[in-house]
Amino acid sequence: MPAAEESYGVNKVVDNICRISPDLLADVCQQVLTYLQGQKTGVDSAEISDRFQRAEVRLDHEALQDMIRFLLLTFRSAGKSNISGDELVSKLEEGSNKWSKASLQVLHKLWSEHGVSVHTQQEAQAMLSIGQLVDMQWKLGMAVSSDTCRSLNSPFVCLLLKIVEPSGQICQRSFEMTIPQFQNFYKQFKEMAAVMETV
């Protein structure tokens, strides 16, 4: 029954969203959209919680976090799909029949105003996103000869990097370096590690 549990979870979040005033919902959505447009480093749940308390809305921490996550996911997927305000409302109504008209109007209005810039920001992030290093293996080798030189006797280091691409796919990249190149590579990694320790 995962679908029923998932539907219950969505309906519970929607119920909580519909309990708050349109102005308060607009404030929360504005924070989420400002973050998704790249104008803030994150969504400040403590600030949102303070606003809820001043408005005398009682929501536990977990319910508030679920609401913020739901709005982030909703607006992020709407940005990726580049949908209009009408399409957003229609998808929300498909997901739950618990929506109030006032809440949907707030979401429609704000998405119509900010949807294009969220989509643009997400496209820019997709172009700039880089993979994450998950594994690095190395081995030391000795090139004894080549097609142009019979007696090469040159040591080298072979590196194999495993990288998780932004798409989630794991790829491998390998390359060889001479000993002086590897020593320079090592020196740069050591400098990066020292800088990261200061942060």
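The values are calculated or read from the model by the stated rules, or taken from the named source; none is laboratory data. All figures in this text were calculated on a predicted structure; none of them were measured in a lab. Backbone-built Cβ (ideal geometry, glycine too); neighbour counts: all protein chains shown. What goes into the accessible areas is simple: the full protein's heavy atoms, side chains included, and nothing from ligands, DNA or RNA. Shrake-Rupley method; radii C 1.70, N 1.55, O 1.52, S 1.80 Å.
Annotations
- Sites listed here are trypsin sites (Lys or Arg not before Pro) in the stretch 149-199 whose DSSP assignment is loop and whose Cβ has at most 11 other Cβ atoms within 10 Å: Arg150.
- A straight chain from Asp44 to Asp15 at 0.36 nm per residue would run longer than the Cα-Cα distance by 8.3 nm.
- Global geometry of the chain, whether rounded, prolate or oblate, following the gyration tensor of its Cα atoms and the 1.5 cut on a/c: prolate
- Mean residue ellipticity (222 nm) of the chain, computed from DSSP H runs ≥ 4 via -39,500 (n - 2.57), nearest 500: -21000 deg cm²/dmol
- Of Asn82, Asn16, Asn153, the residue with the greatest mean-square motion in the GNM of the chain, using alpha carbon springs below 10 Å, is Asn153.
- Size of charge dipole - the chain - debye, nearest 20, with Cβ of Lys, Arg +1 and Asp, Glu -1, no other charges: 500
- Using alpha-carbon coordinates, inclination of helix 179-198 to the longest axis of the chain, degrees: 30
- Available extension along the chain between Arg54 and Lys139 is 24.4 nm, counting 0.36 nm per residue and deducting the alpha carbon span.
- Under the shape rule built on the C-alpha gyration tensor, where the axes satisfy a ≥ b ≥ c, the stretch 31-95 is oblate, since a/c reaches at least 1.5 while a/b does not exceed b/c.
- GNM top mover of Ser96, Ser154, Ser77 - the chain, alpha-carbon springs below 10 Å: Ser154
- Förster radius 25 Å - calculated FRET efficiency between Glu176 and Ile130 (Cβ-Cβ, nearest 0.05): 0.65
- For the chain, the fraction of 1.4 Å probe accessible surface lying on carbon and sulfur atoms is 53 percent.
- Dimensions in Å of the stretch 1-117 - Rg and Dmax from alpha carbons: 13.6, 40
- Averaged over its residues, the chain has an accessible area of 67 Å² per residue, based on protein heavy atoms and a 1.4 Å probe.
- Rounded if a/c under 1.5, otherwise prolate or oblate - the stretch 142-185, Cα gyration tensor axes: prolate
- Sites Cys149 and Arg69, calculated FRET efficiency, Cβ-Cβ separation with R0 41 Å, nearest 0.05: 0.10
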